[in-house]
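Student: First the structure, then my questions, so here it is.
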Amino acid sequence: MTPPAPHRLGGRPLVLTGLVLALVGAGTPAAQASFVGEAADPAGDAAAPEPGRDLVAAGLGYDRGSGRMQVLARLRGTPDATAPTSLVGYVGRRTANGCTGLPSAGLVGLTTGRATTWLRFDADAQTPSARGSGDRQGSGTTAQGLSAVDRRLQGMRPDCGRVALVDPDDGTRVFDEATFALTARPSLGVELLSLPRYVSQNRTHTLRVRVRNPGDAPTGTVRLRIGAIGGMTAKRAHRVASVAPGRTRTIRVRVRFGSRAAGTNRLRATATAGGLRATAQRPVYVRRTSRRGTGGGSGGGGTSSTCVQFFPGFGGDAGSLGLVPCRR
């Protein structure tokens, strides 16, 4: 077969010789991703006979808000420590020459090593503008993972990615690689606002429900459902128009608590959009009307917000889902 084109980060061949790789712990959580891509790669097409140098699947995820990045790779066989190989993955922008546009950022680590280095290239494609250490998962196995989070990785909008197995002493010698598009993904979060923590029976209150999309693609129509509480009267099912990237939508729901709702209750709202599902809840204490000083109060803060985002994976175009703190 014809050897693949030289692997480059920001248009520059990546050579590991001379890099000091910091040793980091394995088993860290997967990174949330607002840009996700993955691809299968034919077994047996590598420019090397060793099964540990043959890529059969790859995935990339990048979140511009947190500066998190993750590279996943599945190998045809267990890597051999006597045949050193580097796993390299990066995100960038499409150009006429391929996925070489700036800014770009990448992760690199030996397939049998315990360290990961990340590099970022901005205006200068020849010299990294920043670098640091990351985390390692699956060293020495057929399922490999590299990840990092750093504020210096924030702010990019990549549209392509590349994962490759290369010679650690010669970055132009590529054993196998996969190049694919990155797709912007939405995120989904929901918050319960403005309802006082202490309310009285037989009074009507206004609950504000905020739907948040800190991702990078529209959510599509959001279906919102208010959980049932015995003695509470409210419209439970709502439709919310698509939420644009980085925006929120808020609806107001009138709720009334009857005698069966006395005591502490847990109010819950669930939002779904496509494959995304997010839930928020908050405690509400309903005072009996016979008690003195049972005013409903005002204000009442909101819930802490947890968002659902896509993670890179091998199971399909969307990857998998996971809970992450919502970025503001």
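The values are calculated or read from the model by the stated rules, or taken from the named source; none is laboratory data. On a predicted model such as this, the values are computed, not experimentally measured, just so you know. The accessibility values were calculated without ligands, DNA or RNA, using every heavy atom of the protein model including side chains. Shrake-Rupley method; radii C 1.70, N 1.55, O 1.52, S 1.80 Å.
Student: Restricting region 118-137 to residues that are open to solvent by less than 60 Å² (accessible area, probe 1.4 Å) and hydrophobic (A, V, I, L, M, F, W, C), which is nearest to G61 (Cα to Cα)?
Tutor: W118
Student: Shifting gears a bit: Would you check which residues across region 143-177 are open to solvent by 50 Å² or more (accessible area, probe 1.4 Å) and not hydrophobic (A, V, I, L, M, F, W, C) and list them? Spell out how you get there, then give the answer.
Tutor: Of all residues in region 143-177, those open to solvent by 50 Å² or more (accessible area, probe 1.4 Å) come to 149, 151-152, 154-155, 157, 169-170, 172-173.
Hits for region 143-177 are R151, R152, Q154, G155, R157, D169, D170, T172, R173.
Student: Can you give me the number of residues within region 249-274 that are open to solvent by 100 Å² or more (accessible area, probe 1.4 Å) and part of a helix (DSSP H, G or I)?
Tutor: 1
Student: Among the residues of region 167-179, which ones are within 21 Å of G37 (Cα to Cα) and either modelled with pLDDT under 95 or among the polar types (S, T, N, Q) (or both)?
Tutor: Listed by number, the list holds a single entry, T179.
Listed here are the residues, each with its yes/no results for (1) modelled with pLDDT under 95; (2) in a loop (DSSP other than H, G, I, E, B).
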position: T112; (1), (2): no, yes
position: R120; (1), (2): no, no
position: A125; (1), (2): yes, yes
position: R131; (1), (2): no, no
position: R136; (1), (2): yes, no
position: L146; (1), (2): no, no
position: R152; (1), (2): no, no
position: G161; (1), (2): no, no
position: L165; (1), (2): no, no
